[in-house]
Amino acid sequence: MRRLVEGIRAHGAKAGSRGFALPLVLLLLFISSLHLAVAFERQTSQTRVVTRQLAEYRRHHEMFGIRALVTNWLKDKNSSAMTPYLEDEDKDFSYGFVLPSGAQVRIKVRDGQGMPGVIGSDAPEPQRVAYTEFLDRYFALTDAKGARRIVGPPEISLNTAPTVVLEALVPENGDKFAERVERVRRRNPIDLDGLENALRGVGLNPEESVGLRQIVTFTPVLWQLDINVRDSEGERFFEMLFEFDSLGAIELKWKEVTPLSDDEEETNSSPRRY
């Protein structure tokens, strides 16, 4: 009898062990599957990051290639050669090419001297005085938030200066002067005769008239290229500022930019800082 009881107890213990082992195995399988899922998700995330980094790396170095191609396009040109491109204002772009990768590059040539610059201390005193007075009026009109460029000569191009800059060029009747200049240059590039006509009735005294002529120009030497690059990843926009010397084009600035909105393009009220 004792042996029978002990046998029954031993059988019950074995059955209990088997009953406990099955949930444990299932738990271990569940934990293992979680580990596999986490590892797979981590691997997928790492793959996406690497893919994105490789694409950005490719585009980054592609931009160096575009920069080199643009520089090569400019190497045999001068300011006279660039001027005809300004006449194509109604065209979407002045020049374009396609890279082996399929990226399309479009270049728009612009007069880069429309915004106020920096007058040096070595400039002739009449010009320096006239420029300082102009800047005072300009910052008064823009609440000291007006954009300026820090490259290129100080002279302002009358053919691309925005309205607020034109208004600040004269002490009085700036709105009348700006309206006249804009009306002339909508038909043809403004020249000295156009300036004389725009100044009639504005009220400049002889000294102010001479000073104005010393701070404006009709023939820019600073140029701006608006560069649009379109590929399978989307669009990117760049600006290049350069001027010419006896050796060719000198790059002054290259940067990636956010394109202006349609309203900003139309009013030119929010010019970019150079």
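The values are calculated or read from the model by the stated rules, or taken from the named source; none is laboratory data. Keep in mind it's a predicted model, so treat the numbers as computed, not measured. All Cβ positions, even for glycine, are placed from backbone atoms using ideal geometry, and neighbour counts span all protein chains on display.
Name the residues in the range 63-99 that are assigned to a helix (DSSP H, G or I) and among the polar types (S, T, N, Q), would you? Listed by number, the residues that qualify are Thr71, Asn72, Ser79, Ser80, Thr83. The residue list Ala144, Ala168 contains one member that is of a type in the set (A, V, I, L, M) and without any contact (Cβ under 8 Å) to a residue 24 or more places away in the chain, which is Ala144. In summary, Leu199 fulfils each of the numbered conditions (1) more than 22 Å from Ser79 (Cα to Cα); (2) at pLDDT below 90; (3) surrounded by 18 or more Cβ atoms within 10 Å (Cβ to Cβ) with the single exception of condition (2).
Only residues that are within 15 Å of Arg149 (Cα to Cα), among the hydrophobic types (A, V, I, L, M, F, W, C) and out of contact with any Phe, Trp or Tyr (no Cβ under 7 Å at 6 or more places or on another chain) were counted in the range 226-240, giving 0.
Considering only the range 192-223, state which residues are in contact with a strand residue (DSSP E or B) (Cβ under 7 Å, 6 or more places away or on another chain) and either assigned to a loop (DSSP other than H, G, I, E, B) or not aliphatic (A, V, I, L, M) (or both).
Thr217, Pro220, Val221, Trp223
Quick one: in the range 203-241, which of the residues that are farther than 26 Å from Glu172 by Cα and among the aromatic types (Phe, Trp, Tyr) is surrounded by the fewest Cβ atoms within 10 Å (Cβ to Cβ)? In this case the residue turns out to be Phe237.
Within the range 178-202, residues that are in contact (Cβ under 8 Å) with a residue 60 or more places away in the chain have Cβ atoms under 9 Å from residues that are surrounded by 11 or more Cβ atoms within 10 Å (Cβ to Cβ) and not aliphatic (A, V, I, L, M) in these pairs: Pro189/Thr83; Pro189/Glu87; Pro189/Asn159; Pro189/Phe218, counting only partners at least 6 apart in sequence or on another chain.
Tell me, which residue of the range 127-146 that is in contact with a helix residue (DSSP H, G or I) (Cβ under 7 Å, 6 or more places away or on another chain) and outside any helix (DSSP H, G or I) is modelled with the highest pLDDT? My answer is Thr142.
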